[in-house]
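Report on the following structure.
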Amino acid sequence: SRIFADIGCRYGLIGYLLRISSLLSRSNVTLIGVDISMEYLRYFATLNVYDHLILATASNLPFRNKSVDVSGRY
């Protein structure tokens, strides 16, 4: 299982693409959406794109070193 963190997920484009890709390839992935806006996170909570949603800034991420396989700010 791979863990992806979408830092600054905003509209969720990367999350959608990763979710579709994982479903098509039958890969076991965990998607984490991180954003500073509670409004965006509430919206994504209804869509089930991300497995976890975190309210945080890109400069203060709540992850331990090497706990996420791939992260990016897009």
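Brief remarks on what is shown
- Which listed residue, of LEU31, LEU41, LEU55, is more than 8 Å from the chain's Cα centre (by Cα) and open to solvent by less than 40 Å² (accessible area, probe 1.4 Å): LEU41
- Among (1) part of a loop (DSSP other than H, G, I, E, B); (2) surrounded by 14 or more Cβ atoms within 10 Å (Cβ to Cβ) - the single one PRO62 does not satisfy: (2)
- When residues of region 1-28 are limited to those that are among the charged types (D, E, K, R) and surrounded by 12 or more Cβ atoms within 10 Å (Cβ to Cβ), the one farthest from the chain's Cα centre (by Cα): ARG2
- Note on region 3-42: among residues that are hydroxyl-bearing (Ser, Thr, Tyr), touching a residue at least 12 places away in the same chain (Cβ under 8 Å) and part of a helix (DSSP H, G or I), the one that is nearest to ASN60 (Cα to Cα) is TYR40.
- Inside region 58-74, residues that are touching a strand residue (DSSP E or B) at 6+ places or on another chain (Cβ under 9 Å) and either over 21 Å from LEU18 (Cα atoms) or at pLDDT 70 or above (or both) make up a count of 6.
The values are calculated or read from the model by the stated rules, or taken from the named source; none is laboratory data. All values derive from a computational prediction rather than experimental measurement. Using ideal geometry, Cβ is built from the backbone for each residue, glycine included, and neighbour counts are taken over all protein chains shown. Ligands, DNA and RNA are stripped out before the accessible areas are found, and what is left, the full protein with its side chains, is counted by its heavy atoms. Shrake-Rupley method; radii C 1.70, N 1.55, O 1.52, S 1.80 Å.
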